[in-house]
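The values are calculated or read from the model by the stated rules, or taken from the named source; none is laboratory data. Fair warning: this is a prediction, and the values are worked out from it, not measured in the lab. Methodologically, a virtual Cβ is constructed for each residue, glycine included, from the backbone with ideal geometry; neighbour enumeration extends over all protein chains shown.
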Amino acid sequence: MNTMMKMKTRNEKKKNMSSKSFLLYSMIVSIFGGSFLSYWFYKYHPTNSNLWMVPIGLLSLVTPAFLSLSVLIFDLCDDDDDNNNLDLELIKV
C-alpha cells in the first residue's frame with residue numbers, strides 16, 4: 001500500500017512538472033509571436049512590406065493557446081488515474 005502511494009505521488013509530481021514546463025514553453029512562444037507581430041506593426045505596417053512576418057507572428061501567438069486548450073480538455077476528460085490503458089487490454093488477438 002505504501003509503495004502505491006509513493007508511485008502515485010511520483011506520477012503526480014511528474015505530471016505537475018510537465019504541465020509547468022508546457023506552460024512555460026507556451027508563454028515563451030506566445031510572447032515571441034506577439035513581439036514579432038508588434039515589431040512588424042511598428043516597422044513595416046505603414047508601407048505594407050515584409051508581409052511574410054504576419055502569418056508567422058499570428059501562428060506563434062495563437063498556436064500555444066490551441067495546444068493548451070487541447071491538453072486541458074484531455075486532462076479534464078481523462079478519468080483513468082492509474083495510467084493504465086484498459087481499452088488495449090480488452091483487445092486480445
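Worth a mention:
- Within segment 1-46, the residues that satisfy the criterion of being of a type in the set (Val, Ile, Thr) and modelled with pLDDT of 70 or more are 9, 28, 29, 31.
- Cβ-Cβ contacts under 6 Å between residues 6 or more apart (or on different chains), taken from a first residue in segment 51-75 that is more than 14 Å from residue 27 (Cβ to Cβ) to a second residue that is not basic (Lys, Arg), are listed as 53/40; 57/33; 57/36; 57/37.
- Breaking point among (1) surrounded by 10 or more Cβ atoms within 10 Å (Cβ to Cβ); (2) in a helix (DSSP H, G or I); (3) modelled with pLDDT of 75 or more; (4) not β-branched (Val, Ile, Thr), for residue 49: (2)
- Subset of segment 40-80 (residues that are in contact with a Gly (Cβ under 8 Å, 6 or more places away or on another chain) and aromatic (Phe, Trp, Tyr)): 40
- Residue within segment 66-84 that is part of a helix (DSSP H, G or I), under 22 Å from the mean Cα position of the chain (by Cα), over 30 Å from residue 9 (Cα atoms) and at pLDDT 85 or above present: no
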